[in-house]
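The values are calculated or read from the model by the stated rules, or taken from the named source; none is laboratory data. Because the structure is predicted, anything quoted here is derived from the model rather than measured. Glycine gets a Cβ as well: all are built from the backbone with ideal geometry, and neighbour counts include every protein chain shown. In case anyone asks, the SASA skips ligands and DNA or RNA and just uses the protein heavy atoms, side chains included. Shrake-Rupley method; radii C 1.70, N 1.55, O 1.52, S 1.80 Å.
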Amino acid sequence: MSVPRTPLAAALEHGPLVLDGGLSNQLEAQGCDLSDELWSARLLADDPGQIEAAHTAYARAGARVLITSSYQATYEGFAHRGLGHEEATALLRRSVELARMAAERAAAERAAVEGAEAGQAAVEGVEAGRAAVERTAAVRAAVERAEAERAAVEGAEAGRAEARGAAVERMAVERAAVERAEAGQTDPGDAGHVGGGAAGSVWVAASVGPYGAMLADGSEYRGRYGLSVAELTRFHRPRIEALAAAGPDALALETVPDADEAAAMLSAVEGCGVPVWLSYSIAGETTRAGQPLRDAFALAAGVDQVIAVGVNCCEPGDADRAVEIAAGITGKPVVVYPNSGEEWDAAARSWRGRSTFDPGRVRAWRDAGARLIGGCCRVGPERIAELAAVVRSH
């Protein structure tokens, strides 16, 4: 499978890229049951085609970065399902492969569309050429009339010299028009415009969720697991190594609730050879564990391997200030992909409230330094398409 020629970090230097939305809600929309403790990671073994289809839906909607289904995929979680180390490693690798296949499918579809548009442009070019020939013939006829008029003028009385001069002048202007037409030139008002060009690559980011995601008890929104940084580092390193070996364009250290866990994850990625982004789950201007965002973001400020810092799986309103803080503290591109704004009722296992996710926020996020912009839980392809349209328009 092919990978983008331009590294993701280099692409971010040229402007914002659109991330995908919530993978789980798209899978549910496709009819998948995600009640298992492995959540979407279960489908890596049971129905991988559904995962590829979900990725493809986001790529078609305009996402330029796809996040893999490995958020809740861990060796420990797979072991609970009776899968050994090699089988688990294969499933982690598959999560990257599925996203890459979706990216390639979307690229092929874009190429087909661009080919059709190029064909249409060629047809329009032929029609424009035919029109130019017709204009040239008309100008030639005008020149012939002017020459006939000049002959008549030259045979007339000397007192009609003024008319003769005017005819000669018209002939010179029209002959110049013929020469321009024959050289393929047209008046500025006639010039056509063919927009377009390649829509661009689609990158793949391998998701590395927090320790609490493996517990499947909501701990990922609290942090403070009672484990040391060293213990968390040992937990994260094996699957980070497996995901890195699968060849993603980046690792997404995402939905991190605790600065201590962020420190452990940054330690675990050292030497893996893949760039990373770090995004916290927050409440207001603190991590879910209660640490100030300024301190949490500062952990990544001097780490070259980190290509973006920001937030995800949070209230859209909380993201506004977080983007500013992340950019100011780290000087790095900012990643931001909040939830829809609805609230999860754990007792009823359902969402309540209304969506407050507004693609119009993109302008402020971009101006504050955001370069990876998308959605998380309950933000589907339709919303990503709206967001992508805003990004393209600016």
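Can you find, within segment 285-301, the residue that is surrounded by the fewest Cβ atoms within 10 Å (Cβ to Cβ) among those that are part of a strand (DSSP E or B) and free of Cβ contacts under 8 Å to residues at least 24 places away in the same chain? The qualifying residue surrounded by the fewest Cβ atoms within 10 Å (Cβ to Cβ) is 292.
What are the residues in segment 304-330 that are open to solvent by 50 Å² or more (accessible area, probe 1.4 Å) and more than 24 Å from residue 360 (Cα to Cα), if any? Selection gives 304, 329. With respect to the conditions (1) in contact with a Leu (Cβ under 9 Å, 6 or more places away or on another chain); (2) in contact (Cβ under 8 Å) with a residue 40 or more places away in the chain, residue 334 lacks only one, and its number is (2). For residue 365, the test of being modelled with pLDDT under 95 and either open to solvent by 40 Å² or more (accessible area, probe 1.4 Å) or touching a helix residue (DSSP H, G or I) at 6+ places or on another chain (Cβ under 6 Å) (or both) is failed. The set of residues in segment 83-110 that are closer than 19 Å to residue 252 by Cα, of a type outside the set (A, V, I, L, M, F, W, C) and under 27 Å from the mean Cα position of the chain (by Cα) comprises 93, 94, 95, 97, 100.
Among the residues making up segment 220-243, a single one is at pLDDT below 95 and within 22 Å of residue 92 (Cα to Cα): 220. Taking segment 24-72 as the range and being open to solvent by less than 10 Å² (accessible area, probe 1.4 Å), in contact (Cβ under 8 Å) with a residue 60 or more places away in the chain and touching a Ser or Thr at 6+ places or on another chain (Cβ under 6 Å) as the test, the residues that pass are 68, 69, 70.
Looking at 94, 100, 105, just one residue is open to solvent by 60 Å² or more (accessible area, probe 1.4 Å) and within 29 Å of residue 210 (Cβ to Cβ), and that residue is 94.
Only one of the numbered conditions (1) in contact with a strand residue (DSSP E or B) (Cβ under 8 Å, 6 or more places away or on another chain); (2) open to solvent by 50 Å² or more (accessible area, probe 1.4 Å); (3) under 21 Å from residue 16 (Cβ atoms) is violated by residue 343, and that is (3).
Scanning segment 45-74 for residues that are hydrophobic (A, V, I, L, M, F, W, C) and assigned to a helix (DSSP H, G or I) yields 45, 51, 53, 54, 57, 59, 61.
In segment 264-284, what residues are farther than 15 Å from residue 221 by Cβ and open to solvent by 30 Å² or more (accessible area, probe 1.4 Å)? Selection gives 267, 270, 271, 272, 273, 275.
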